[in-house]
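*Asks:* What follows is a structure written as structure tokens; I'll ask about it next.
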């Protein structure tokens, strides 16, 4: 039996499948999250190229091969599906060579970051030349390296529990999250200044950075003392402390002039997600996902919770169970660095804004 569909004003699209991560749980370097927030494509930077695709976007570092999953929503499991690239000089499908396997996972390789060259990944029915059932728009990004300088800070004699060696794995985990944006934070523990132990005194509480964020004006004095501690002008200065009274991480980017200073402070409880989030703030991502420019939680939706720039609060355990896991684990916010930029969302377009700032980060 046939089904007749009439599309109105080019604002409706019916597809029997969608695209998603090839894994669940923690971020994996070759399995990026897919920005599948609706079928509208939003505002692309002019250098990205613009296809006629409507649907998901994904970022790939040039030279990387990544896995993505086709999720069958309204199509039989036995239907034979084939994945193709509209421009194999930019992106190639490396696997499978024939029809998709039952797990729906395929691999694509981003070859080159070229200006204004459109490319689509298409899922076709029956053969590699069959009708298109769904499309995804990949964007390839040349890797940009951003140097970071780590400071291990003791406050009133109480040091951070981290060591210079510990930070190697931490930054590796951060770079897994940022890989899809073509950004790598370079921490070299063999440099003379890296992981230096530094001390501050006359703070209110040993081991703790105390702030008062609610008053008008807020009190950032202790935070400012930390980020003015032996800063290196040629890197993002990341200060590791034992604790803070109000936050896990706090950041001023280089738009904040000294003597207030600029840098990132992370407490011992902060993980790779927290540090990736703070480094995003340093790269001009000043608004949390789901917030407005006044810092109010305008939305607390699942799409916001999937994004690395969601507020570092854990997900709300009072919500229904399906909201507890957005693909990264129970009550764990996600690590998507969003590509789509909807003018109605002030926090959107994180990937493009962070890459612009990565050209002049310090």
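What follows draws every value from the coordinates through simple rules; no lab data is involved. Since this is a predicted model, take the numbers as computed values, not measurements. Glycine also receives a Cβ, built like all others from the backbone with ideal geometry; neighbour counts cover every protein chain displayed.
*Asks:* Determine, from the Cβ-Cβ distance of residue 219 and residue 99 and an R0 of 56 Å, the FRET efficiency 1/(1 + (r/R0)^6), rounded to the nearest 0.05.
*Replies:* Working: r = 62 Å, r/R0 = 1.11.
The formula returns an efficiency of 0.35 here.
*Asks:* Under the definition of Cα pairs under 8 Å and six or more residues apart, what whole-number percent is the relative contact order of the chain?
*Replies:* Details: 821 pairs, mean separation 55.4, N = 362.
Reported as a whole number, the value is 15 percent.
*Asks:* Angle check, please: helix 166-178 long axis (alpha carbons) against the longest principal axis of the chain (alpha carbons), in degrees 0 to 90, nearest 10.
*Replies:* Once rounded, the angle reads 40 degrees.
*Asks:* Then there's this: Per 0.36 nm of contour for each residue apart, how much would the distance between residue 344 and residue 132 grow if the chain were fully extended, relative to their Cα-Cα spacing?
*Replies:* Values: separation 212, 0.36 × 212 = 76.32 nm, distance 3.01 nm.
Fully extending the segment from residue 344 to residue 132 adds 73.3 nm.
*Asks:* Run the helix sum for the chain: -39,500 (n - 2.57) per DSSP H stretch of 4+ residues, divided by residue count, reported at 222 nm to the nearest 500 deg cm²/dmol. Kindly include the intermediate steps, with their values, before the conclusion.
*Replies:* Values: 5 runs with 44 residues, N = 362.
Result for the chain, helices only: -3500 deg cm²/dmol.
*Asks:* Give me the percent relative contact order of the range 17-141, please, defined on Cα pairs under 8 angstrom at least 6 residues apart. The partial results should precede the final answer.
*Replies:* Working: 297 pairs, mean separation 38.8, N = 125.
Averaging sequence separation for qualifying contacts and normalising by length gives 31 percent for the range 17-141.
*Asks:* Continuing with this model, one more query. For residue 26 and residue 74, compute 0.36 nm times the residue count separating them, minus their Cα-Cα distance, and round to one decimal in nm.
*Replies:* Details: separation 48, 0.36 × 48 = 17.28 nm, distance 2.80 nm.
Fully extending the segment from residue 26 to residue 74 adds 14.5 nm.
*Asks:* For the peptides 153-159, 220-226, what is the packing order when you average, over each peptide's residues, the other Cβ atoms within 10 Å and list the highest mean first?
*Replies:* Details: 153-159: 17.9, 220-226: 20.6.
Descending packing order for the listed peptides: 220-226, 153-159.
*Asks:* Of the candidates 232, 77, 36, which one comes out as most mobile in a Gaussian network treatment of the chain with C-alpha springs shorter than 10 Å?
*Replies:* With Cα springs under 10 Å in the chain, the top fluctuation among 232, 77, 36 is at 77.
*Asks:* Another question, if that's okay. Where both residues lie in the range 144-358, what percent of DSSP beta bridges are antiparallel, nearest 5? It would help to have the intermediate numbers written out before the result.
*Replies:* Values: 9 of 32 bridges.
Restricted to the range 144-358, the bridges split so that about 30 percent are antiparallel.
*Asks:* How far, in degrees from 0 to 90, does helix 272-282 lean away from the longest principal axis of the Cα atoms of the chain, to the nearest 10?
*Replies:* Between helix and principal axis, roughly 80 degrees.
*Asks:* Give, in nm to one decimal, the length gained when the segment between residue 196 and residue 233 is fully stretched (0.36 nm per residue of separation minus the Cα-Cα distance).
*Replies:* On the way: separation 37, 0.36 × 37 = 13.32 nm, distance 1.56 nm.
Once the chain is fully extended between residue 196 and residue 233, it gains 11.8 nm.
*Asks:* If packing is taken as the average count of other Cβ atoms within 10 Å, what order do 242-252, 40-50, 105-115 fall into, highest mean first? Mind dumping the intermediate values first?
*Replies:* Values: 242-252: 19.5, 40-50: 15.5, 105-115: 17.9.
My ranking of the peptides, most packed first, is 242-252, 105-115, 40-50.
*Asks:* Here is a further query. Which percent, to the nearest 5, of DSSP beta bridges fully inside the chain are antiparallel?
*Replies:* Details: 34 of 63 bridges.
Of those bridges, close to 55 percent are antiparallel.
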